[in-house]
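Taking it in order: structure first as C-alpha cells, then the write-up.
Readers should treat all values here as calculations from the given coordinates under stated rules, not as data from a laboratory. Keep in mind it's a predicted model, so treat the numbers as computed, not measured. Every residue, glycine among them, receives a Cβ derived from its backbone with ideal geometry; neighbour counts consider all protein chains shown.
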Amino acid sequence: MNNYYFYDDRECEFVPIEYRTPEKVIYTLSLWVLCGTVISALSLSVLAFVVGSPAEMALKAENKALYDKLHETRSTIEQLDQQISAIAETDNEMYRTVLGIEPIPEDERQAGVGGADMYAEYDAYSAEASELLRWTTSNLESMERRINIQRVSFEEIKAHYNENQELMSNIPAIRPLSGIILSGFGMRRHPVLRYNRMHEGVDFRARIGSPVYATGDGVVKSARRQSTYGLMLIIDHGHGYETRYAHLSEFEDGIEPGVEVKRGQLIAKSGNSGVTSGPHLHYEVRQNGRAVDPLNYMFADLTPDEYIEYQRIADSNPYSMD
C-alpha cells in the first residue's frame, strides 16, 4: 500500500501518515462506494439518453401501437374503397343501364374537393405520422362523400322504379333457380364441340328435375325442343325483353305458347336435353333481339357481394356447359 505524508511545521519535515486497520477498511470501502456511485450515475445518464426514461419508453411503445393500428386501418380503408367502387360500377352498369337512367360520371362519383391544404395541422408531427394521418383523414372523408352520392343514386333508382312499376315487373330481374353459376356470358370453349364460340347466356348448376322459375312477368312465346338447346322455353316480357331457358327435362302443366306467367312462377324442371356436358340450366336474356349478360339482370335478388362472386366465377371459367 502506498504511504501518505503530511508536513510538520514544527519539525520542518514530512511525516508519514499511519492508519489503523479499521480506518483503512472504512477508507477503502468509502472509496469503492464513491466510485460505484459515480459509475452508476454515469451509466444511468447514458442509458436514459440512448434508450429513454421509463415514461419515454412507455410513450414510444404507445406510439408504435398507434402506428400499427393506423397501418391496419389503412388496409381496411383500401378494402372498403374497393367495395364502394364495385357497388358504384354495379349501380352504373346494371341498375341504371337496365332502368334507362343516365350513369353517374366517374369524376362526379369521386367527389373531389380543392382549395387550401385542409390537413396542414398534421405537419407538426413526424413525416411518417403526418403522411399516415393525412392519407387516413383524406380517404375517410372521400369515402363519406362517395357513400352519400351512392345513397342519393339509390333514392333516384327507387323513385324511378316506383314510377315504372309495370316495366319493372316485366324486366327479368331474378335468378331462374338457386344454383350457383358455372359459366358466364361471352366467348367460351364448347365442352363437346371443342371450339371457341359465343356463349350467349349463363349456365347454372342444377340437378335434373330442379325447379326453374320465370324471372319476370310475360307471355310464353315458345315451349318445344330446339336443336342443340334441347327442350327450351322462351318468354316474351314485352318492352323488348325475352328470356330463354334451355336443356330442360319438362315443362310445368299449362305452360304453352300464349300463356301469361308471373315473376317467380314455376315454369319448368331443369335437365340434360340437347348437346351438353352434364345437367344444368342454360339461361339467356335478350334485349331487342340482342343477347346481353344475364348477370346484369339479377339485381332484385343478388347482393353486391353475390354479384361480385358470380362475376368472378363467370370470368374464371373458359368453358361453357353447352
Order these by the 10 Å Cβ neighbour count, fewest first: Trp32, Trp135. Trp32, Trp135
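May I ask you to derive the FRET efficiency for Glu163 and Ser277 from their Cβ-Cβ distance with R0 = 41 Å, giving the value to the nearest 0.05?
After rounding, the FRET efficiency stands at 0.40.
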Calculate the FRET efficiency for Arg74 and Ser126 from the Cβ-Cβ distance with a Förster distance of 22 Å, rounded to the nearest 0.05. 0.85
Whole angstrom only: what separates the Cα centroid of region 194-212 from the Cα centroid of region 119-186? 31
Can you give the FRET efficiency to the nearest 0.05 for Arg312 and Ser227, using r as the Cβ-Cβ distance and R₀ = 30 Å? 0.40
Fewest-first ranking of Met198, Met298, using other Cβ atoms within 10 Å as the exposure measure: Met198, Met298
Expected sort for Asp217, Asp81 with the fewest Cβ neighbours (10 Å cutoff) up front is Asp81, Asp217
Provide the gained length on full extension for the span Ala291 to Leu34, in nm with one decimal, where the gain is 0.36 nm per separating residue minus the Cα-Cα distance. 83.0 nm
